[in-house]
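A short worksheet on the structure shown next.
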Amino acid sequence: MVRVLYFRLLLTVLVSTVLCLAVFSPATASPPDEPDTHRITITFTSDRQLNGAAVWFDADGRLRTQTDVPLAHQDGPTKLWSATLVYTRPSPREPLDALFQSSGTFSRCEIRVDSVLVADDMVRGPHPTSRCRPRN
């Protein structure tokens, strides 16, 4: 009888410990890149935090548009605002074009594939629009 109670208690403690570890274990920050995928990074930069519009192709090659684009990060020394989109996809051959309209006097877009700069455009003037298209 004592053995049965001891075994049940031990089993309960083990199951509870395993469940606690499964529920409260920390999540990973981001899944690793799949083999044969490429990391696409698109950065928009302006001298204003709130801007006109941005257009880009997403991870599935679909055209995306956003108006009233807020840029989240301000660089201290330059006072320029920027925001970055990052995703992975199987082929960098799909469309990678991007377009960004600033509401200020400075507009820049950059596209990187696996940290390699493949497109960059910088325009100055009233409400400038930068256009990024990767070089062939």
Practice task
Confirm whether Arg8 is farther than 25 Å from Pro134 by Cβ, of a type in the set (D, E, K, R) and at pLDDT below 95.
Solution key: yes
Practice task
Return only the number of the condition from (1) among the polar types (S, T, N, Q); (2) farther than 13 Å from Cys109 by Cα; (3) surrounded by 12 or more Cβ atoms within 10 Å (Cβ to Cβ) that Thr41 does not satisfy.
Solution key: (2)
Practice task
Return the pairs, sorted by first residue and then second, in which the second residue is open to solvent by less than 50 Å² (accessible area, probe 1.4 Å) and part of a loop (DSSP other than H, G, I, E, B), the first residue lies in the range 81-96 and is under 18 Å from Arg131 (Cβ atoms) and of a type in the set (Gly, Ala, Ser), the beta carbons are less than 8 Å apart, and the residues are 6+ apart or on different chains.
Solution key: Ser82/Leu71; Ala83/Leu71
Completion exercise
Only one of Pro70, Pro90, Pro134, Pro126 is out of contact with any strand residue (DSSP E or B) (no Cβ under 9 Å at 6 or more places or on another chain) and not β-branched (Val, Ile, Thr), namely Pro126
Exercise for the section: Report yes if some residue within the range 114-122 is modelled with pLDDT under 95, of a type in the set (Ser, Thr, Tyr) and open to solvent by 60 Å² or more (accessible area, probe 1.4 Å); otherwise report no. Expected result: yes
Exercise for the section: Scan the range 60-97 for residues that are aliphatic (A, V, I, L, M) and under 16 Å from Thr43 (Cβ atoms) and jot them down. Expected result: Val69, Leu71, Ala72, Leu80, Ala83, Leu85, Val86, Leu96
Exercise for the section: Inspect the range 23-38 for any residue being in a strand (DSSP E or B), in contact with a Ser or Thr (Cβ under 7 Å, 6 or more places away or on another chain) and either at pLDDT 95 or above or of a type in the set (Lys, Arg) (or both) and give the result as yes or no. Expected result: no
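The values are calculated or read from the model by the stated rules, or taken from the named source; none is laboratory data. These numbers come from a predicted model, not from an experiment. No Cβ is skipped: glycine too gets one built from the backbone with ideal geometry, and neighbour counts run over all protein chains shown. Side chains included, ligands, DNA and RNA excluded: accessible areas come from the protein's heavy atoms. Shrake-Rupley method; radii C 1.70, N 1.55, O 1.52, S 1.80 Å.
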